[in-house]
Amino acid sequence: MNSTMKLASLVLVLPLLLGTQQSRAGISLSADEAPVDPPWTQPANLSLIREKGTNTITADFVLKYRTVEQTRGDATYAKKGSYAIGVYLHRDNTADAQKNDRGIQVSYSGLLAPDWNNAGAVVSLGYSIKASTGKGLVEVEPSPGAKALVDKTKNRIVVGLGGYVQPSFAPGSVSPKTGVQPSIFFVDGGPSLYLDESRGEGVAGTGRLSGVALKLGLNFAPFGLEPLEPMSGLAVIPTFRVSAQTQHDISASGSRTKANRNLYNIEIALLFAKPETAVKKLVPSLTLSRSVGSDVLVGRKQSAKTELTFGVTF
Amino acid sequence: MATGVQIPADKLNRLNGLIFYAVDKASPFALAYDNNTNSLDKIELFTFGELAMTGQGTAIMWLWINAHCQPDARPVGADVASKCRTVADVRKAVISNAV
């Protein structure tokens with residue numbers, strides 16, 4: 001099993017321009033390793049650059065606090081849940097790339113496992129509600145040819161359910177064996193409701209939008225999710241995912257219009273892992289995905305994208 | 001539990017039963033219906049991967065254990081749970097939290 005170790009880092013970088021304007025010195029303070037499972041997550045970056053008498057500030061702060069999980073259960077179920085609150089600030093006063101996004105998000109998320117037949121499928125149900133409010137700079141054209149930056153207010157509530165089903169192997173048909181990684185297949189997804197509002201003087205596409213969404217994903221790992229004993233060096237674990245999402249707007253106001261949106265995605269991931277049982281290790285991965293469609297909740301307009309991502313997991 | 005303190009047999013049996021039930025719930029294999037895997041001792045050396053447990057399956061296993069282990073044991077913290085790779089690791093983590 002390649003469970004992802006939570007590793008948060010807090011990085012404070014203060015590049016300073018010292019001496020002549022051509023030379024640059026920097027101070028980097030880095031705490032690579034935070035406590036396992038900290039109540040707060042996400043990194044923060046602050047950069048102050050003085051060049052030719054002008055200060056440029058870039059700041060990225062996302063601070064999230066999660067409450068202790070409350071776990072409960074009886075003979076028929078087990079469930080847990082926790083609240084989280086997060087604040088964010090993305091600020092950049094570089095003249096040609098100004099950014100000033102700030103806001104707050106409050107959420108509750110939970111997981112429920114029913115006590116259905118253990119010889120049947122592995123099943124769980126996630127549920128969440130997220131509310132966020134914030135402002136961000138957008139460019140508007142107050143008069144022909146003129147450009148100005150104004151604040152756009154964004155408010156959103158999303159309530160969602162997330163099901164997980166891993167079909168069972170038929171009783172008696174197959175037994176687990178030492179050194180054998182069975183292939184893994186599971187289905188995830190579920191419905192959600194969204195209410196999205198945006199406001200701003202002179203900003204296009206403002207008003208309210210409400211709707212319902214449904215997402216379904218099929219996941220397949222033909223050689224399991226754990227590296228086999230080493231034949232040589234690094235093991236490669238391929239995984240495949242196909243997903244489809246549909247969004248149907250129920251109401252629209254202001255200058256926004258109702259629409260139906262679909263988003264399809266196919267993804268092939270290669271996880272490189274050393275088959276040792278070290279708890280903390282750097283695991284590189286390579287993901288190739290192709291997606292077609294649109295998604296109002298991430299601000300994606302109708303488009304087709306092919307993405308190759310190189311990542312590392314601790 | 002303090003090192004060297006004997007756990008009462010009934011408590012140990014309940015915890016072992018709970019661990020087996022939680023692993024069986026999180027694995028797509030029908031462990032309880034197979035003579036090769038119908039007890040905790042028989043599945044102890046398997047890794048989560050050999051039992052076809054995913055990350056979500058592992059989360060379900062810990063959720064079931066932590067929701068039902070009291071009053072025999074304290075719930076297992078995420079820092080310890082994240083280090084477990086085999087059923088034996090789970091057993092050790094749960095039993096060491098016995099009260």
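We did not get these values from a lab; they are worked out from the coordinates using the rules stated. Bear in mind the structure is a predicted one, so any value in this text is a computation, not a measurement. Cβ sites come from the backbone with ideal geometry, for glycine too, and all protein chains shown count toward neighbours.
Numbers below:
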read-out: GNM result for chain B, Cα springs below 10 Å: residue of B:Asp79, B:Asp41, B:Asp24 fluctuating most strongly; value: B:Asp79
read-out: Test item: B:26-38 mean partner chain Cβ contacts at 10 Å; value: 6
read-out: Packing-based order for A:142-153, A:235-246, using average beta carbon neighbours within 10 Å, highest first; value: A:235-246, A:142-153
read-out: Per-residue mean of C-beta atoms belonging to partner chains within 10 Å, peptide A:176-189; value: 4
read-out: Exposure proxy ranking, count of Cβ atoms within 10 Å, fewest first, for A:Leu288, A:Leu271; value: A:Leu288, A:Leu271
read-out: Percentage, to the nearest whole number, of Cα pairs in chain B over 16 Å apart; value: 51
read-out: Cβ neighbours within 10 Å from other chains - mean over B:64-75; value: 3
read-out: Furthest towards positive pole of dipole, A:Ser132, A:Val174, A:Gly160, structure part segment A:120-188, Cβ charges; value: A:Ser132
read-out: Rough spin-label spacing in nm, given labels placed 7 Å along Cα→Cβ, for A:Asp96 and A:Thr309; value: 2.9
read-out: Efficiency of FRET from Cβ geometry, A:Arg50 and A:Leu218, R₀ 60 Å, rounded to 0.05; value: 0.70
read-out: Sum of -39500 (n - 2.57) over DSSP H runs of 4+, divided by residues of chain B (222 nm, nearest 500); value: -14500 deg cm²/dmol
read-out: Residue-span extension gain [A:Val68 to A:Ala244] - 0.36 nm each, minus C-alpha spacing; value: 60.0 nm
read-out: Euclidean distance between Cα centres, segment A:188-262 to segment A:48-110, Å; value: 20
read-out: Order of A:Leu218, B:Leu40 under a 10 Å beta carbon neighbour criterion, fewest first; value: A:Leu218, B:Leu40
read-out: Average Cα contact separation per residue, segment B:6-99, under 8 Å, 6 or more apart, as relative contact order %; value: 33
read-out: Simple Cβ-charge dipole of chain B, Lys/Arg +1 and Asp/Glu -1, about Cα centre, in debye nearest 20; value: 200
read-out: Ranked list, fewest to most other Cβ atoms within 10 Å of each Cβ, for A:Thr58, B:Thr47, A:Thr309; value: A:Thr309, A:Thr58, B:Thr47
